[in-house]
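So the structure is just underneath, and the comments pick up after that.
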Amino acid sequence: MVELFLEGGPFMWPILLLLLAGLGLVGERFYSLNQSQVDSDGFMDSLRGALKSGGSKKALDVCAGHDGPVSNICKAGLSKVGKGPEQVEKAIENAGSLEMAFLEKNMGWLTAIIAIAPMMGFTGTVAGMIFAFDAIAAANDISPAVVAVGISQALLTTAFGLIVAMIIQIAQNFFSSMIDGMVLDMEERSIEITDLLRDSK
């Protein structure tokens, strides 16, 4: 594997850097999204019970004991209780926008790596073909031995760039699916907390 990497020429190094950067971002997203996943059903049951027994103050204590986007949205709405339903809804909406931005953090960088890695590979392919034609011109011969090094370099950079893009693409699709599910859950809980606060008056 190392031998093939070295045979790929100088363009293999920036592609490797893209792979390492992508894997670092994948690790960060995996950790952050896992930390954001909570048992929203259990949390909402606790919140509902706290609202009935102790009002918004006790419900805020429940939110303070939980992490994640759902508890942050509920906390934002509860903090505006007493200032009118419009203020509550606006606070929930603003908190939801912030949580979505956090969930989608660094996803754009993953998209960039997916696009750049194949292009870097294709650039290495062009460089390899130029090398092959230069070898033909220098040797005044088109035998396979003369062009083999350049063609090998061209194919290896393309393959490595595509492999890097595929690895990061799979991870990005997985994260996008996780985020979609969490956003849907946030929207459902936003409606639920709004109804709870309206009914608790």
Would you kindly state how much longer the chain becomes between LYS58 and ASP39 on full extension, computed as 0.36 nm times their sequence separation minus their alpha carbon distance, in nm to one decimal?
4.9 nm
Label assignment, Kirkwood radius over Cα pairs in Å derived from the structure, set (1) 20.3; (2) 18.5; (3) 16.7
(1)
Give me a comma-separated list of calculated 3J(HN,Hα) values for the range 152-161, in order, Karplus coefficients 6.51, -1.76, 1.60 applied at θ = phi - 60°, integers in Hz, x for any Gly or Pro.
4, 4, 4, 5, 5, 5, 4, 4, 5, x
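Counting Lys +1, Arg +1, Asp -1, Glu -1, what net charge surrounds SER176 among other residues with beta carbon under 12 Å of its beta carbon?
Within the 12 Å Cβ shell, the charges total -1.
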Calculate one ³J(HN,Hα) per residue across the range 61-74 by plugging θ = phi - 60° into the Karplus curve 6.51 cos²θ - 1.76 cosθ + 1.60, and present them in order as whole Hz with x for glycine and proline.
5, 5, 4, 5, x, 10, 10, x, x, 5, 5, 5, 5, 5
5 angstrom amide H check on GLU104, placed H, neighbours 5+ away
none
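Can you sort ARG198, ARG48 by how many other beta carbons sit within 10 Å, fewest first?
By the 10 Å Cβ count, ascending: ARG198, ARG48.
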Cα-Cα over 30 Å, subset of LYS52/LYS90; LYS83/LYS105; LYS75/LYS105; LYS57/LYS105:
LYS83/LYS105; LYS57/LYS105
Using the Cα gyration tensor of the range 27-74, with a ≥ b ≥ c the square roots of its eigenvalues, what is the shape: rounded (a/c below 1.5), prolate (a/b larger than b/c) or oblate (neither)?
prolate
Scalar couplings 3J(HN,Hα) for the range 18-31 by Karplus 6.51 cos²θ - 1.76 cosθ + 1.60 (θ = phi - 60°), nearest whole Hz, x for Gly and Pro, are 5, 4, 5, 5, x, 5, x, 5, 4, x, 5, 5, 4, 5
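Every number in this text was worked out from the coordinates using simple rules, so none of it is lab data. Note that this is a predicted model, so its numbers are computed, not measured. Neighbour counts run over all protein chains shown; Cβ positions are idealised from the backbone, glycine included.
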